[in-house]
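Values quoted throughout were computed directly from the atomic coordinates according to the rules given, and no laboratory measurement underlies them. Worth saying up front: this structure is predicted, and the values here are computed from it rather than measured. Cβ placement follows ideal geometry from the backbone for every residue including glycine, while neighbour counts extend to all protein chains displayed.
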Amino acid sequence: MSKVKLSTNHGDIVLQLDAERAPLTTENFVQYVEDGFYNGTLFSRVIKGLLIQGGGYKPGMNKKKTRASIRNEANNGVKNAQYTIAMARTVEPHSAAAEFFINLSDNDFFNQSVQGWGYAVFGEVIEGREVLDAIEKVGTGSEAGFQDVPKEDVIIERAEIIE
């Protein structure tokens, strides 16, 4: 299993990816990391007690161009538990591309259910939970039509495979 280190302007976060239960999602994420796509992107959404989302915008809320969307693997049995990482998407179930989020609590309503598609979990935070706790406390507001945007940029300075 791969590990990815996200070096942010608030500290380092290490992710353990789950290629066994989320192979397409993990492969997609790793490819973005290897391409340097996440370097210089923002954690563009912070919702206290819910999630921290990133990977799609540069400072100024400028959206990055992504590759094609991937198939949703939310039916893999992995739950959106605290400190897990999942793919962000639109209301279209198979629309995830580069953006991801880290759950700040157990978010059962993000799981696949009989009501519909969930959000595909593909790993967990194994180091740097205190960094997430610090990011969760940043002030947020509205910017360019977006809600829950940190008032001061929370930047993913570098993303790299470490194992």
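Under 1.5 on a/c is rounded, so check that first for region 3-161, then, if it is not, pick prolate when a/b is larger than b/c and oblate when it is not; a ≥ b ≥ c are the square roots of the alpha carbon gyration tensor eigenvalues. Here region 3-161 falls in the rounded category.
Across 21, 89, 67, mean-square fluctuation computed from a Gaussian network of the chain (C-alpha pairs under 10 Å connected) peaks at 67.
Net charge near residue 112: determine it from the other residues with C-beta under 14 Å of the C-beta of residue 112, scoring Lys and Arg +1 and Asp and Glu -1. All intermediate terms of the calculation are to be shown ahead of the outcome.
Details: positive: 21, 71, 79, 89; negative: 73, 108.
Surrounding charge for residue 112 is +2.
Residues in region 84-92 carry Karplus couplings, in order, of 8, 10, 9, 7, 7, 7, 8, 5, 6 Hz; the curve used is 6.51 cos²θ - 1.76 cosθ + 1.60 with θ = phi - 60°, and Gly or Pro positions show x. Among 53, 115, 31, the residue with the largest mean-square fluctuation in a Gaussian network model of the chain, with springs joining Cα atoms closer than 10 Å, is 115. Placing R0 at 25 angstrom, the Cβ-Cβ distance between residue 109 and residue 134 gives a FRET efficiency of 0.45 after rounding to 0.05. Largest GNM mean-square fluctuation across 37, 122, 101, computed for the chain with C-alpha springs under 10 Å, falls on 37.
With a ≥ b ≥ c taken as the square roots of the eigenvalues of the C-alpha gyration tensor of region 107-163, please select rounded if a/c is under 1.5 and otherwise prolate if a/b is larger than b/c or oblate if it is not? It would help to have the intermediate numbers written out before the result.
Numbers: a/c = 2.06, a/b = 1.17, b/c = 1.77.
Oblate.
Counted by Cβ distance under 14 Å from residue 57, the other residues give a net charge of +1, where Lys and Arg count +1 and Asp and Glu count -1.
Net charge near residue 7, counting Lys/Arg +1 and Asp/Glu -1 over other residues with Cβ under 11 Å of its Cβ?
Numbers: positive: 5, 158; negative: 12, 157, 160.
It works out to a net charge of -1.
Can you tell me how region 22-100 classifies by the Cα gyration tensor, rounded, prolate or oblate, using a/c under 1.5 as the rounded cut? Taking the square roots of the gyration eigenvalues as a ≥ b ≥ c, region 22-100 is oblate.
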